[in-house]
Amino acid sequence: MLASHHLYTAQLFDASAPAASKLNLTAVSSRRSLLFVALGRRVSVYTISHHAQPPVFQRRLTYAQPIPGDEINSITLGRLASDETVVAVYDSGRTVCWKVDAGFPVLWDRPGRVSTWGCAVHEETDAVAISANSHTIMVIRSPHTAPGSSGASSASSASDPAFHADEEFELAGHASNIPCVSFSASGR
């Protein structure tokens with residue numbers, strides 16, 4: 001609530017505003033004093049210090065070789081393999097996961113074919129769920145960067161970490177799009 005107050009009164013952004021159809025575009029770190037805000041194809045990272053002061057811009061996160069016009073539909077913050085991560089899903093179907101630390105490296109970058117709209121992280125099962133306009137939900141267990149790939153990326157990096165998962169399965173049978181997705185406490 002305090003962060004959203006500052007977002008609109010302190011005018012932290014350029015003259016850009018998200019489309020009305022976009023979903024969860026903000027996240028607050030539970031381990032660090034960080035605020036993540038998605039606009040367009042980038043996630044802006046801010047430091048939160050005191051409720052009476054506006055957040056301070058730190059950096060922008062994006063993926064290597066961005067697609068023109070590709071925009072984030074939703075972001076979520078969670079823990080994978082004991083690392084705090086921020087996951088973003090895009091119009092292009094791409095899903096990108098960054099590790100929340102000093103360098104914000106890309107942990108994985110998963111291209112897609114159909115626009116993705118929802119994402120959720122379940123810490124206990126080390127899983128990510130992604131919903132798409134294909135009327136399906138993709139569940140990925142233990143997503144990670146392939147051995148031997150760079151794994152290091154920043155807004156200016158030219159290399160993509162190769163995406164691999166220990167297990168992927170699709171939940172199909174829905175009659176319409178699934179804009180939001182979440183896990184139950186048991187990871188289902």
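Restricting the range 71-129 to residues that are without any contact (Cβ under 8 Å) to a residue 40 or more places away in the chain and either closer than 17 Å to residue 27 by Cα or of a type in the set (Phe, Trp, Tyr) (or both), the residue that is surrounded by the most Cβ atoms within 10 Å (Cβ to Cβ) is 96. Restricting attention to the range 156-169, the residues that are surrounded by 12 or more Cβ atoms within 10 Å (Cβ to Cβ) and either modelled with pLDDT of 80 or more or not in a loop (DSSP other than H, G, I, E, B) (or both) add up to 4. For the range 1-38, the tally of residues that are touching a Ser or Thr at 6+ places or on another chain (Cβ under 8 Å), at pLDDT 85 or above and not in a loop (DSSP other than H, G, I, E, B) stands at 7. If only residues of the range 170-188 that are part of a loop (DSSP other than H, G, I, E, B), among the hydrophobic types (A, V, I, L, M, F, W, C) and modelled with pLDDT of 80 or more are counted, the one that is surrounded by the fewest Cβ atoms within 10 Å (Cβ to Cβ) is 175.
For the range 98-152, a tally of residues being under 15 Å from residue 86 (Cβ atoms), at pLDDT 85 or above and not in a strand (DSSP E or B) returns 4.
The values are calculated or read from the model by the stated rules, or taken from the named source; none is laboratory data. Since this is a predicted model, take the numbers as computed values, not measurements. As a convention, Cβ positions derive from the backbone with ideal geometry for all residues, glycine included, and neighbour counts pool all protein chains shown.
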